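Reading through the structure tokens given below for one structure.
The values are calculated or read from the model by the stated rules, or taken from the named source; none is laboratory data. All values reported here derive from a predicted model rather than from experimental measurement. Counting neighbours? That spans all protein chains shown, and the Cβs are built from the backbone with ideal geometry, glycine included. When the accessible area is computed, the model is the full protein with side chains, heavy atoms only, and any ligands, DNA or RNA have been set aside. Shrake-Rupley method; radii C 1.70, N 1.55, O 1.52, S 1.80 Å.
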Amino acid sequence: SKKPVRVAVTGAAGQIGYALLFRIASGEMLGKDQPVILQLLEVPVEKAQQALKGVMMELEDCAFPLLAGMEAHSDPMTAFKDTDYALLVGSRPRGPGMERAELLAINGAIFTAQGQALNAVASRDVKVLVVGNPANTNAYIAMKSAPDLKPGNFTAMLRLDHNRAASQIAAKTGKAVADIEQLCVWGNHSPTMYADYRFATINGESVKDMINDQDWNANVFLPTFGKRGAAIIEARGLSSAASAANAAIDHMRDWALGTNGKWVTMGIPSQGWYGIPKDVMFGFPVTCENGEYKVVEGLEIDEFSQACIAKTLKELTDEQAGVAHLV
Ligand code: NAX
């Protein structure tokens, strides 16, 4: 049987954590033959550590055959020791009335410390997924704080957005979501991101031709897609958790185990693809194989798409300029 791998999860006692840990432990992320050791990080506050203990009691009570070990931590320097995978979920999302500078300062401190800890103690091949918002910029800060690790191993989560777009297209076309190929989401995980179905196909047929309605794309699909997170908060009174955890599982599983040629969206540091400046943590279409992602290159970018990509890029470069003093 396989040797256990170490999976660190931050924000482990939060609502995404609660929807995520049981699925990692049951083998849905890394495969039904891959034992895991969970290294769980929460803030060093009595209430959070207590809640984490409760989650760990429930994990024990599942008697998962693949759960080879479990640890609670309050310091990233111990939580990330030798970790092969790190899911950085805990962060401080924007609260009502919170200034952008304040948001960036709080998260800047969290992700500088976590990047430095990964740099110091994680596996040299650690695969990092940042879920906590602002996800792209937090991933950028962590990457820049870990100069001894491969920058390309820091990623941000746009998979929930990818899955949301797929689901909306399935509803619009009346086709099965599983049959949608070659869909992607460009840019920042924020309402500015651009879901692009120009290349998408369903059973080989062009989705763009099937829908054939640019007005619907620009004025219904993209705005609805961009505000989906807010719509969930309004309906549920809480932000997306199970769907976010599901997307994190999808992202890590595909990265580790491959996509068989299927396109997925990952937030990754640009190497200049599509004119996106180097190191900007940007959503791109990728395929994954042998534990590596590869950007789908050579796609034609029309004028409408170029304008959408420029807008989300501007937002990201502004955010990243706002944290320039930290990195
Ligand atoms: P919760 O508030 O339920 O849980 C967050 C947990 O993180 C808390 O238990 C908190 O104590 C812990 N935490 C905070 N700072 C920490 C630190 N420095 N180290 C370790 N733990 C820390 O939030 P939840 O609903 O689970 O959401 C977590 C994050 O995901 C938020 O930032 C949220 O905005 C973000 N999301 C990102 C999404 C994406 O697609 N990229 C979608 C869903 C979600 O909104």
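General observations
- Scanning the stretch 298-313 for residues that are of a type outside the set (Gly, Ala, Ser) and in contact (Cβ under 8 Å) with a residue 24 or more places away in the chain turns up LEU299, ILE301, ASP302, PHE304, CYS308, ILE309, LYS311, THR312, LEU313.
- GLU234 being open to solvent by 40 Å² or more (accessible area, probe 1.4 Å), more than 27 Å from GLY90 (Cα to Cα) and over 14 Å from the mean Cα position of the chain (by Cα): no
Residues checked against (1) more than 18 Å from VAL7 (Cβ to Cβ); (2) open to solvent by less than 70 Å² (accessible area, probe 1.4 Å); (3) modelled with pLDDT of 95 or more; (4) under 22 Å from the mean Cα position of the chain (by Cα):
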| site | (1), (2), (3), (4) |
| --- | --- |
| LEU41 | no, yes, yes, yes |
| CYS62 | no, yes, yes, no |
| TYR85 | no, yes, yes, yes |
| VAL89 | no, yes, yes, yes |
| ARG100 | yes, no, no, yes |
| GLY108 | yes, yes, no, yes |
| ALA120 | yes, yes, yes, no |
| SER123 | no, yes, yes, yes |
| ASN136 | yes, yes, yes, yes |
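- Restricting attention to the stretch 238-271, the residues that are away from the ligand (no atom under 12 Å from the Cβ) and open to solvent by 40 Å² or more (accessible area, probe 1.4 Å) add up to 6.
- Counting the residues of the stretch 142-173 that are in a loop (DSSP other than H, G, I, E, B) and either among the acidic types (Asp, Glu) or crowded, with 17+ Cβ neighbours inside 10 Å (or both) gives 6.
- Residues satisfying the stated conditions in the stretch 174-199, i.e. open to solvent by 10 Å² or more (accessible area, probe 1.4 Å) and under 22 Å from TYR140 (Cβ atoms): HIS189, SER190, PRO191, THR192, MET193
- Conditions (1) open to solvent by 10 Å² or more (accessible area, probe 1.4 Å); (2) under 25 Å from VAL9 (Cα atoms): number failed by GLY283: (1)
- Counted residues, the stretch 286-325 - those being within 30 Å of GLY108 (Cβ to Cβ), open to solvent by 60 Å² or more (accessible area, probe 1.4 Å) and in contact with a Gly (Cβ under 7 Å, 6 or more places away or on another chain): 0
- Near pairs, Cβ below 8 angstrom, 6+ apart or cross-chain, from the stretch 159-177 (within 16 Å of PHE199 (Cβ to Cβ) and away from the ligand (no atom under 16 Å from the Cβ)) to any residue that is part of a loop (DSSP other than H, G, I, E, B) and among the β-branched types (Val, Ile, Thr): none
- Residue check for LEU30: away from the ligand (no atom under 11 Å from the Cβ) and free of Cβ contacts under 8 Å to residues at least 60 places away in the same chain: no
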